[in-house]
Ligand code: 4AD
Ligand code: MG
């Protein structure tokens, strides 16, 4: 019986006869030989069908195969020094499993809207394959990092009755007799978790009814939110930079093939494993923007062009610290010696990618937090449970949120968040 293997394991079966279940991505044939470009989900490689080595039927079948036909391929693995992958299969038999019609995504260039309309098929492309491998590695390394650091994963609810990040970007849903929202952030629940388990991280989908149509905004994205009891903002920044460097290092170590497929400069990525990352104040960032003739004044929130400019000024990710209160959420702790800014920071990714992390130390005082909630126009009764965390053994604590797709987009060096998630959700896209 011939052994069934995955393409990725070809290196362990050189000169052996094996069987592989896969799909055809492309092919080239002449009278005497056919080159089949094959994929099986684990990798891509080439099958060579030589007329004189196979039956008449198999050679004809190879010539007739359509793009995305599925099949069992039997053959012997050889090294192939000319290919990026390094191995190929010399085909002895092909059994057609599923025929394919006129596959809509051909090797020619397609517009991105067309590709997004066919995302369920576009997933099969080499480029998406590489991005999804890197996404998977970032997810894997995230669990590994936080487990090594003594955090436990805590799953916050997705159906919620409170709005941590402001009320304008909420998806409302009918919840029996009441209103509810899809969660914007698991943070408030993570804070409850930190008071129970010390160090927690959440990792789940969050939803923002963002009207922004930029390449950095999705309406559904995944966020990692660590929350740490007895940790101040400076300690939190150390966790953040260590975590980001860990992600980059693991992608370099485990996804070289994928980074190469995406033409990502690995030497560039290596710079981001050097710690510490630079830190500047919001005040300084405003000065830098003004010096470069941006139309901003102290108190303004940064737009995408501002962030792009700022992150372009540094070789590494940069923390922008202590933003004005008016542009950040109610739960942050004010700076001890300045009443106009919070103890908070955003991490901007280099190469113009902009914000990937937002985080802060949290307000611990019951009265101050209650006053902030009222000032925000939020309904106190929805936050009673959250205020309980300040009623019973309140402690200094800090946390942050990394947008998964922002991190992927930057590490992959791609242009748009929509390629960093299998099925992107944006203002004008809920299909497929
Ligand atoms: O800065 P944000 O809004 O912070 C929070 O939600 C806090 N509760 C986090 C915390 O302290 N626990 O969002 C955090 C990150 C951003 O830095 C960005 O990377 C990402 O989430 N993000 C988005 N990603 C994709 N599409 C959007 N519309 C995003 N909005 C924020
Ligand atoms: Mg933010």
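The values are calculated or read from the model by the stated rules, or taken from the named source; none is laboratory data. Quantities reported herein were computed from a predicted structural model and do not represent experimental measurements. Heads up, the Cβs are rebuilt from the backbone with ideal geometry, glycines too, and the neighbour counts pull from every protein chain shown.
Residues in region 396-419 that are under 17 Å from residue 208 (Cα atoms), within 9 Å of ligand 1 (Cβ to nearest atom) and either in a helix (DSSP H, G or I) or out of contact with any strand residue (DSSP E or B) (no Cβ under 9 Å at 6 or more places or on another chain) (or both): 404, 405, 406, 417. Within region 132-155, the set of residues being touching a residue at least 60 places away in the same chain (Cβ under 8 Å) and assigned to a strand (DSSP E or B) is empty. When 386, 392, 342 are screened for being away from ligand 1 (no atom under 16 Å from the Cβ), over 30 Å from residue 258 (Cα atoms) and modelled with pLDDT of 95 or more, only 392 passes.
In this structure, does residue 359 turn out to be within 14 Å of ligand 1 (Cβ to nearest atom) and modelled with pLDDT of 95 or more?
Numbers: within 14 Å of ligand 1 (Cβ to nearest atom): yes; modelled with pLDDT of 95 or more: yes.
Yes: the conditions hold for residue 359.
From the list 221, 203, the one residue that fits, being in a strand (DSSP E or B) and either out of contact with any helix residue (DSSP H, G or I) (no Cβ under 9 Å at 6 or more places or on another chain) or more than 11 Å from ligand 1 (Cβ to nearest atom) (or both), is 203.
In region 81-98, of all residues being surrounded by 12 or more Cβ atoms within 10 Å (Cβ to Cβ) and part of a loop (DSSP other than H, G, I, E, B), the one that is nearest to the chain's Cα centre (by Cα) corresponds to 85.
Of the residues 226, 205, the single one that is closer than 27 Å to residue 348 by Cβ and either within 16 Å of ligand 2 (Cβ to nearest atom) or buried (at least 22 other Cβ atoms within 10 Å of the Cβ) (or both) is 226. Could we say that residue 354 is at positive phi and within 16 Å of ligand 2 (Cβ to nearest atom) here? Spelling it out, residue 354 is indeed at positive phi and within 16 Å of ligand 2 (Cβ to nearest atom). Could you tell me whether any residue of region 363-379 is in a strand (DSSP E or B), in contact with a helix residue (DSSP H, G or I) (Cβ under 6 Å, 6 or more places away or on another chain) and closer than 16 Å to residue 191 by Cα? Within region 363-379, not a single residue is in a strand (DSSP E or B), in contact with a helix residue (DSSP H, G or I) (Cβ under 6 Å, 6 or more places away or on another chain) and closer than 16 Å to residue 191 by Cα.
Picking from 104, 156, which residue would you name as being under 30 Å from residue 246 (Cβ atoms) and modelled with pLDDT of 95 or more?
Selected residue: 156, the only one of 104, 156 that is under 30 Å from residue 246 (Cβ atoms) and modelled with pLDDT of 95 or more.
For region 357-372, taking the residues that are surrounded by 20 or more Cβ atoms within 10 Å (Cβ to Cβ) and more than 16 Å from ligand 2 (Cβ to nearest atom), the one that is farthest from residue 410 (Cα to Cα) is identified as 369.
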